[in-house]
1. Considering each residue of the range 144-192, count those that are touching a helix residue (DSSP H, G or I) at 6+ places or on another chain (Cβ under 7 Å) and among the aromatic types (Phe, Trp, Tyr), and give that number.
2. In the list Pro149, Pro118, which residue meets the criterion of being of a type outside the set (A, V, I, L, M), more than 20 Å from Asp11 (Cα to Cα), in a loop (DSSP other than H, G, I, E, B) and without any contact (Cβ under 8 Å) to a residue 12 or more places away in the chain?
3. Collect the residues in the range 68-86 that are of a type outside the set (Val, Ile, Thr) and touching a residue at least 40 places away in the same chain (Cβ under 8 Å), keeping them in residue-number order.
4. Sort out which residues of the range 183-216 are touching a strand residue (DSSP E or B) at 6+ places or on another chain (Cβ under 8 Å) and assigned to a loop (DSSP other than H, G, I, E, B), and write them in order of number.
5. What single numbered condition from (1) surrounded by fewer than 17 Cβ atoms within 10 Å (Cβ to Cβ); (2) in a helix (DSSP H, G or I); (3) not aliphatic (A, V, I, L, M) fails to hold for Ser179?
6. Please state which one of Glu134, Glu62, Glu70, Glu125 is under 10 Å from the mean Cα position of the chain (by Cα) and under 30 Å from Arg37 (Cβ atoms).
7. Name the pairs: first residue in the range 131-145 and over 15 Å from Gly269 (Cβ atoms), second residue in a strand (DSSP E or B) and of a type in the set (Asp, Glu), Cβ to Cβ under 9 Å, at least 6 apart or on different chains?
8. Within the range 127-149, restricting attention to residues that are among the small types (Gly, Ala, Ser) and touching a Pro at 6+ places or on another chain (Cβ under 8 Å), which residue is surrounded by the fewest Cβ atoms within 10 Å (Cβ to Cβ)?
Amino acid sequence: MQIDNFKIFADLVETKSFSKAARLNGVTQSAVSQQARSMEKHFGTLLIDRSQKQFQLTREGERVYQSSKEILHDYEKLMSELMEMRKVISGTIRISTIYSIGLHELPPYVKSFLSEFPSVNVRIEYRRSNLVYEDILHNSVDFGLVAFPQKHRQIEILPFRNDKLVAICHPQHPLASESSLSPIALADHKFISFDPDIPTRKAVDQIFKDQKLEIEPVMEFDNIETVKRAVEIDAGIAIVPFATVIQELKQGTLATVPMEGSGFERPLGILMRKGRVLTPAMKKMLEVLEKDSIVEAELAVESN
């Protein structure tokens, strides 16, 4: 038996999908199925209960899965310790992130990291928030970055930074000249928002609910870039993270107005699978992500 055998089997159990396990390991679905049968032959017992409609392990399969996780953990720990002994900072770091963070807040951190560790390859996947959690749970990435992080028993959450939520509008909009806005001031204007399942939308909806306001969006979009484009053509106003509109402010295509009251902050979090062994490169990346001064300096330069 090889390490890859245990990894494929563990991925199959955790995803409960032959196709997903195949994608995670860069093999065909048929190869995953053959691998499962090969393990059953090796151990001389059925590991998967094929009489069930849904994926389910036998008692023996559950025991092999638990041992597979232990073997993989010990192997990853050994590899990490050897790299630290040789002072090697290399390899690939995989990050799954929502669009707004990946496009507007992560770049200065990656730039700083790669300037110090150019031999490390950083791969970034842009995903919807719920899929970032799925990527972490399936071990298909090393870190996840989301807004309004939600607790999960298998996921560790580290604080990243806090965004300010601001109102944005066309520069010629009547609200553009205001020094600040109360939530009730939005009720008289067309409002553009994110899709209902987006965490930032849920947070803004809760603020409106607390203020006993009923503001129905005239448009809903699943990403920050489309929201901004709609506001730029004066289709309405929106509430977005300040960090995502720095370029538009410089170009004069959007105006921002601070919001009055509490709640207009968007906490960002770093997600990791609990118990995950960190390579030296991953540890260094976490150190960089914890440096607030990096993005603050970048935003200060961009906003001037």
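The values are calculated or read from the model by the stated rules, or taken from the named source; none is laboratory data. Model, not experiment: these values are computed from the prediction. As a convention, Cβ positions derive from the backbone with ideal geometry for all residues, glycine included, and neighbour counts pool all protein chains shown.
1. Total satisfying the criteria: 2.
2. On the way: Pro149 fails: without any contact (Cβ under 8 Å) to a residue 12 or more places away in the chain.
Of the residues listed, the single one that is of a type outside the set (A, V, I, L, M), more than 20 Å from Asp11 (Cα to Cα), in a loop (DSSP other than H, G, I, E, B) and without any contact (Cβ under 8 Å) to a residue 12 or more places away in the chain is Pro118.
3. Taking the range 68-86 first, the residues of a type outside the set (Val, Ile, Thr) are 68-70, 72-86.
Ser68, Lys69, Leu72, His73, Tyr75, Glu76, Lys77, Met79, Ser80, Met83, Glu84 - these are the residues of the range 68-86 that are of a type outside the set (Val, Ile, Thr) and touching a residue at least 40 places away in the same chain (Cβ under 8 Å).
4. His189, Lys190, Asp195, Pro196, Ile215, Glu216
5. With respect to (1) surrounded by fewer than 17 Cβ atoms within 10 Å (Cβ to Cβ); (2) in a helix (DSSP H, G or I); (3) not aliphatic (A, V, I, L, M), Ser179 is out only on (2).
6. Working: Glu62 fails: under 10 Å from the mean Cα position of the chain (by Cα); Glu70 fails: under 10 Å from the mean Cα position of the chain (by Cα); Glu125 fails: under 30 Å from Arg37 (Cβ atoms).
Result: Glu134 is the single residue among Glu134, Glu62, Glu70, Glu125 that is under 10 Å from the mean Cα position of the chain (by Cα) and under 30 Å from Arg37 (Cβ atoms).
7. Note: pairs meeting the criteria are Leu131/Glu125; Ser140/Glu125.
8. Going residue by residue through the range 127-149, those that are among the small types (Gly, Ala, Ser) are 129, 140, 144, 147.
Remaining after also requiring touching a Pro at 6+ places or on another chain (Cβ under 8 Å): 129, 147.
Details: Ser129: 21, Ala147: 19.
Only one residue tops the list, namely Ala147.
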